[in-house]
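Since the structure comes first, as structure tokens, the remarks are kept for the end.
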Amino acid sequence: MNLAQGNTRVYTVTELTRKISGLLEERFPFVWIEGEISNFRSPISGHYYMVLKDENAQIRAVMFRQKARSLKFVPEDGMKVVAQGRIGVYAPRGEYQVILDYLEPMGVGALALAFEQVKRKLAAQGIFDEAVKKPLPFLPQRIAVITSPTGAAIRDFLKILGRRFANMEVVVVPVRVQGEAAPAEMIKALETVNSQITADVIILTRGGGSLEDLWAFNQEALALAIRRSHIPVISAVGHEIDVTISDLAADFRAPTPSAAAEMLVTEKEILSKRLIDMRQRMGNRVTALLKKRAENLERTAGRLRDPRKRLADSWMRLDDLYGKIIRVGESFVREGRRALDGEKRALYSHSPLRLISLMRQEKDFTGQALVRAGGAYLQGRKTALSMLGKQLTDLSPLSILRRGYSITRTLPGRNVIRQASSVGGGDPVEVLLGEGRLECRVEKTSEQAGILVDFERMPDSE
């Protein structure tokens, strides 16, 4: 088929991809889609890449960093979501995908999901462990309250505090408790109190509201700042049913701002009454104890005897004990002397000098015996070695050759000739003698007469 002569349009890959992209973007400028997230990844660029799938199909999706920053939760594999975006084509790979502008989990709100994600993460780090929380002081001298200066929470707190302990010193650190800037202000306030303000306890509080209103208290950074504080922190956020991340991370949680004031200080009248009661009970106890001690003293005085009699008895007993000690000591010395005399006799009979003399004699005798035995052994070895040398000389091939025998070998291989048939006429041979050697040429061979050779010297071939 000749395409040049017809009306068929031939597209380049780029042109066709642009056509497809234009059609998709024009046809689907705004779509809603639901599915399950898989292959989620978030590279250093901050973009979110994922695949949305159901039972029968899947489609790639991307949410760029500007939109991803507005999400209150982090997408995860297996999470079912509803998303809104537009269809786009990525030309370098020829793939179509959904460019997401909005993402929301199905079945649970985004804020509730984000709350659970932050809660799980901080719990795994041990931020909520009771072992790391600090105890609250009894009757603190100065309280730092981090809250909005115009909110109902600070009014309720100061009202309860004034009624229960009017002379308690309170330092209010004003911050915003709602909105995007609120977490940063509260973190800075915590750091300021720890570094610049002398306080015994910190109250982080605000009144009630929706989950969105309280969201500033659900930030991971605020929880970490609470744990970094070396001053104990009480979190009193919202109503009793409201629970925030700051409540879980704080050293103590109060259900309401008023409850924080009530649990922090005891009523002055109650303390005064308790002190009076304790003083009265202590006085009664001391009076009863003194009365009992006086009765014991009277009974003891009635049993006392004249101390001079007890002193005389003690002197007599001391004299008896002294005489007994003298007798026992003398007996001990006598027994010791007898034992010492026996040890002296035993030591004399086992005198080291005598033992050394005997050992020296035994050493000299043993040394002489060893010298004699060694000389006899060496003489026997020399005699045996001489006999073996003589036998070796007698059995040496050179001794046999010196008696008139010779050894004939082929040339140039120098193989020993044992049969006349091993060589033929004209073959060169070598004859080894007792002294020197001959190089000859075979003249004739005979099985009976042996080898006949020409004993004329041959030229030296070496």
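The values are calculated or read from the model by the stated rules, or taken from the named source; none is laboratory data. Everything numeric here is computed off the predicted structure, so don't read it as measured data. Cβ atoms come from the backbone with ideal geometry, glycine included; neighbour counts cover every protein chain shown.
Observations
- Just one of the listed residues (185, 180) is over 36 Å from the mean Cα position of the chain (by Cα), assigned by TED's automatic domain parsing to the domain that holds residue 251, under 25 Å from residue 68 (Cα atoms) and modelled with pLDDT of 90 or more, and it is 185.
- Selection within region 61-92: residues that are modelled with pLDDT of 80 or more and charged (D, E, K, R). The member of this set that is surrounded by the fewest Cβ atoms within 10 Å (Cβ to Cβ) is 69.
- Residue within region 54-68 that is closer than 23 Å to residue 119 by Cβ, within 40 Å of the chain's Cα centre (by Cα) and without any contact (Cβ under 8 Å) to a residue 60 or more places away in the chain present: yes
- Scope region 111-161; condition polar (S, T, N, Q) and surrounded by fewer than 18 Cβ atoms within 10 Å (Cβ to Cβ); matching residues: 117, 125, 141, 150
- Residues located in region 176-205, provided they are among the β-branched types (Val, Ile, Thr) and more than 16 Å from residue 231 (Cβ to Cβ): 177
- Qualifying residue in region 255-270 (condition: more than 46 Å from the chain's Cα centre (by Cα) and basic (Lys, Arg)): yes
- Scanning region 110-145 for residues that are assigned to a loop (DSSP other than H, G, I, E, B) and either polar (S, T, N, Q) or modelled with pLDDT of 85 or more (or both) returns 125, 126, 129, 133, 134, 135, 141.
- With respect to the conditions (1) more than 30 Å from residue 446 (Cβ to Cβ); (2) among the charged types (D, E, K, R); (3) not in a helix (DSSP H, G or I), residue 338 falls short on a single one, namely (3).
- Filtered residues of region 250-274 (kept if in a helix (DSSP H, G or I) and among the hydroxyl-bearing types (Ser, Thr, Tyr)): 258, 272
- Counted residues, region 419-445 - those being of a type in the set (Lys, Arg) and under 18 Å from residue 398 (Cα atoms): 1
One line per residue, one yes/no per condition, for (1) polar (S, T, N, Q); (2) touching a Pro at 6+ places or on another chain (Cβ under 9 Å):
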site	(1), (2)
91	no, no
97	yes, no
105	no, yes
123	no, no
146	no, yes
153	no, yes
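- Residue match in region 199-219 (condition: touching a residue at least 60 places away in the same chain (Cβ under 8 Å), under 16 Å from residue 172 (Cβ atoms) and more than 39 Å from the chain's Cα centre (by Cα)): yes
- Residue 198, sole failed condition from (1) of a type in the set (Ser, Thr, Tyr); (2) touching a helix residue (DSSP H, G or I) at 6+ places or on another chain (Cβ under 8 Å); (3) over 19 Å from residue 253 (Cβ atoms): (2)
- The residues in region 1-20 that are at pLDDT 75 or above and aliphatic (A, V, I, L, M) can be counted, and the count is 4.
- Just one of the listed residues (418, 457, 441) is assigned to a loop (DSSP other than H, G, I, E, B) and at pLDDT 80 or above, namely 418.
- If only residues of region 367-415 that are in contact (Cβ under 8 Å) with a residue 24 or more places away in the chain and outside any loop (DSSP other than H, G, I, E, B) are counted, the one that is surrounded by the most Cβ atoms within 10 Å (Cβ to Cβ) is 408.
- Criterion (in the same structural domain as residue 134 (by TED's automatic domain parsing), surrounded by 10 or more Cβ atoms within 10 Å (Cβ to Cβ), charged (D, E, K, R) and not in a loop (DSSP other than H, G, I, E, B)) met by exactly one of 247, 277, 242: 247
- Of all residues in region 9-47 being over 21 Å from residue 91 (Cβ atoms) and hydroxyl-bearing (Ser, Thr, Tyr), the one that is nearest to the chain's Cα centre (by Cα): 42
- Condition met for residue 79 (out of contact with any Gly (no Cβ under 9 Å at 6 or more places or on another chain) and closer than 27 Å to residue 220 by Cβ): yes
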